[in-house]
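Novice: Got a structure here, written out as structure tokens. Questions coming.
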Amino acid sequence: MQSVEGAVIACAGLGSRLGMGLPKCLIEVDGKTILSRLIETLRPLVPRIHVVIGYREELVAEYCARYHRDVVLVRNPQFRETNTAFSILLGSLGFSSKVLYLDGDLIVEKESIAHFVRMAGKFPYLIGVTEAKSENAVLALIEGQGKKNVKVSAFGRNLDSRYEWANVFVGPPACLADASNYVFEVLEPSLPLPACFLQLHEVDTPSDLRAAELFLGSYDSGKE
């Protein structure tokens with residue numbers, strides 16, 4: 001099966017729920033921005049990284065010009081009227097095979113995402129799921145035993161499930177041609193799809209930010 005050609009990080013959103021007046025990707029968690037953590041984690045795993053920018057795009061562009069000149073910046077000037085799916089669609093331009101898509105507000109454990117990318121080489125699509133912990137999470141109904149050979153059979157906010165949609169998936173560049181819905185809603189007609197468990201935290205609210213700091217401390221201390 002085909003390996004992953006590159007990654008698209010969606011960083012165009014307003015981040016209004018966090019209320020810090022910055023693109024969420026530029027927020028520092030334990031002394032390093034979320035964007036730098038993502039790029040440094042992905043760089044050994046994929047040959048090319050596209051970063052989609054919109055809200056206060058000049059800040060992200062200047063930051064990448066200083067610290068991450070190897071990434072490709074993709075503008076979404078319609079970021080106020082569109083959603084993450086539209087940003088991902090723009091970011092997928094230029095790719096021809098499987099792409100790793102993820103939100104720019106995620107703190108991801110390195111070994112976890114490395115395993116995800118390796119596993120993605122076996123399937124046309126791979127859905128990232130994680131233990132449910134976010135506020136107002138989109139839950140994922142899981143089929144299968146243990147943590148191998150599992151599939152996502154449904155998404156929803158009122159499901160009886162311990163797991164949530166991780167805002168991470170691998171698929172072909174054209175998979176979000178209908179970018180008017182949320183990403184998980186675009187994927188729903190294709191369910192069930194293979195799934196892989198990820199260790200990560202989304203930073204969407206002040207409480208998420210505090211939890212992400214604790215999460216980083218927990219897995220960093222585990223390596224000592």
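Novice: Residues being out of contact with any Asp or Glu (no Cβ under 8 Å at 6 or more places or on another chain) and farther than 15 Å from ARG69 by Cβ: count how many of those fall in the range 28-41.
Specialist: Residues meeting the conditions: 7.
Novice: Give all pairs with beta carbons closer than 6 Å in which a residue from the range 188-204 that is over 17 Å from ASP30 (Cα atoms) meets a residue that is of a type in the set (Gly, Ala, Ser) and in a strand (DSSP E or B); count only pairs at least 6 apart in sequence or on separate chains.
Specialist: LEU191/SER153; PRO192/SER153; LEU198/GLY128; LEU198/ALA166
Novice: Additional query: For the range 127-148, indicate whether the set of residues that are in contact with a His (Cβ under 8 Å, 6 or more places away or on another chain), among the basic types (Lys, Arg) and more than 17 Å from ILE88 (Cβ to Cβ) is non-empty.
Specialist: Yes.
Novice: Within the range 62-74, is even one residue over 17 Å from the mean Cα position of the chain (by Cα), basic (Lys, Arg), in a loop (DSSP other than H, G, I, E, B) and at pLDDT 95 or above?
Specialist: Yes, the range 62-74 contains at least one residue that is over 17 Å from the mean Cα position of the chain (by Cα), basic (Lys, Arg), in a loop (DSSP other than H, G, I, E, B) and at pLDDT 95 or above.
Novice: Considering only the range 128-138, I want to know if a residue exists there that is at pLDDT 95 or above, under 26 Å from MET20 (Cα atoms), not hydroxyl-bearing (Ser, Thr, Tyr) and not in a strand (DSSP E or B).
Specialist: Scanning the range 128-138, I find at least one residue that is at pLDDT 95 or above, under 26 Å from MET20 (Cα atoms), not hydroxyl-bearing (Ser, Thr, Tyr) and not in a strand (DSSP E or B), so the answer is yes.
Novice: Select from the range 14-30 the residues that are charged (D, E, K, R) and modelled with pLDDT of 90 or more and write down the one among them that is farthest from ASN83 (Cα to Cα).
Specialist: GLU28
The values are calculated or read from the model by the stated rules, or taken from the named source; none is laboratory data. The structure presented is a predicted model; accordingly, all values stated were derived computationally and were not measured. We place every Cβ from the backbone using ideal geometry, glycine too, and count neighbours over all the protein chains shown.
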